[in-house]
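Below: one structure, written as structure tokens.
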Amino acid sequence: MKILSFEKDGLPVCGVHHSNAAGQDVVVDLSLAAPDLPGTWPEILGALLLSKVEAAAQSAPAAAQLATADLKILPPIPDPRKILCAGLNYHDHAKEVGADIPTHPVFFTRYPASVVGASEALVCPSVSEQFDFEAELVAVIGKGGRHISVDDALGHVVGYTAMNEGSVRDFQFKSTQWILGKNFDRSGSVGPHIVTADELPPGGAGLRIMTRLNGETVQDSNTDELIFDVATLVHHASTAMTLEPGDLIATGTPPGVGVGRKPPLWMKPGDSCEIEIEGIGCISNRVVAESG
């Protein structure tokens, strides 16, 4: 199942990608198809209601089936409590930026205001010309918990989505703490939907992951190349904090990023950047200049 969020009357609404009886690709508006369900994905996930979501999508009336092209697609979890990002988590990426291979997962945080959805533009900061692209597989927590073992970790992951973890490199490297360069407003994107874990290999392993900038492939790797896999990341994150339904864990980017190229390659206004992950789909965002 592919679950998502879209904007309706200025507010986020839960939806499901669905092929209807006519073979059309539509989004089922759960506020119409299942008005008794909670109104946010964290609430739905926390209450273990995905089976009811699937049943509602299968039986949705025509009035609840919306054309995808007509919708403003938001990040699948519009306001997650936590966005945790693993840095330096592909062997070749660590090498291309001159970093040692980590012996323990490197985590930093992003905030909801730093990411947009599939219908929205990435904003190129006015104070920097070093706006970089980063394709990432994102694990979405469905079942919360603390001190989760590696063996149990995948049972806490409801599904996976894609992320362009756009980084403003000069601000990232102004200090040993990366948070500033990773949290410019609307600098990254997540989506277009969450594919539930039952439709993908365990841990999202073995998936081709790519970035295309203006149609040219600039990153092309496989999630088998992760240094620390999804189960390990969930385990380590939960050692420090309670994970909650709807939390996102971005798993790091493969080689080919702009900062590692000679000469460097940056995103700029007018560009189009696509992140595609096998089995999940493609999130495509145009890049615009910061206004004001």
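Since every read-out is calculated from the coordinates, none of them should be taken as a lab result. For clarity, every value in this text was computed on a predicted model and none was experimentally measured. Virtual Cβ from ideal backbone geometry, glycine too; neighbours counted across all protein chains shown.
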Fill in the blank from the handout: As a percent rounded to 5, the proportion of antiparallel DSSP bridges among beta bridges in the chain is 90 percent
Handout entry: FRET efficiency estimate (nearest 0.05) - Cβ-Cβ, L32 to Y111, R0 35 angstrom
Key = 0.65
Exercise for the section: Give the Rg/Rh ratio for the chain, taking Rg as the radius of gyration of the Cα atoms and Rh as the Kirkwood radius, to two decimals. Expected result: 0.96
Practice task
Using only Cα atoms, find the angle between the long axis of helix 230-240 and the longest principal axis of the chain, and express it within 0 to 90 degrees, rounded to the nearest 10.
Solution key: 80 degrees
Problem - Average Cα contact separation per residue, the chain, under 8 Å, 6 or more apart, as relative contact order % - result: 24 percent
Problem - More than 22 Å apart - percent of Cα-Cα pairs taken over the range 1-82 - result: 17 percent
Practice task
Among the lysines, select those whose C-alpha is under 17 Å from the C-alpha of K268, and discard any that sit fewer than 8 residues away in the same chain.
Solution key: K182
Completion exercise
Among T109, P125, Y90, the residue whose Cα sits farthest towards the positive end of the charge dipole of the range 86-132, when +1 is placed on the Cβ of each Lys and Arg and -1 on the Cβ of each Asp and Glu, is T109
Handout entry: the range 275-292 and the range 58-119: distance between their alpha carbon centers, rounded to Å
Key = 11 Å
Exercise for the section: For n ≥ 4 DSSP H runs only, could you compute -39500 (n - 2.57) per run for the chain, divide by its residues and tell me the 222 nm figure to the nearest 500? Expected result: -3500 deg cm²/dmol
Practice task
Determine the relative contact order of the range 200-248: mean sequence separation of Cα pairs under 8 Å and six or more apart, normalised by residue count, in whole percent.
Solution key: 28 percent
Practice task
With all distinct Cα pairs included, what does the Kirkwood hydrodynamic radius of the range 16-172 come out to in Å, to one decimal, could you say?
Solution key: 18.5 Å
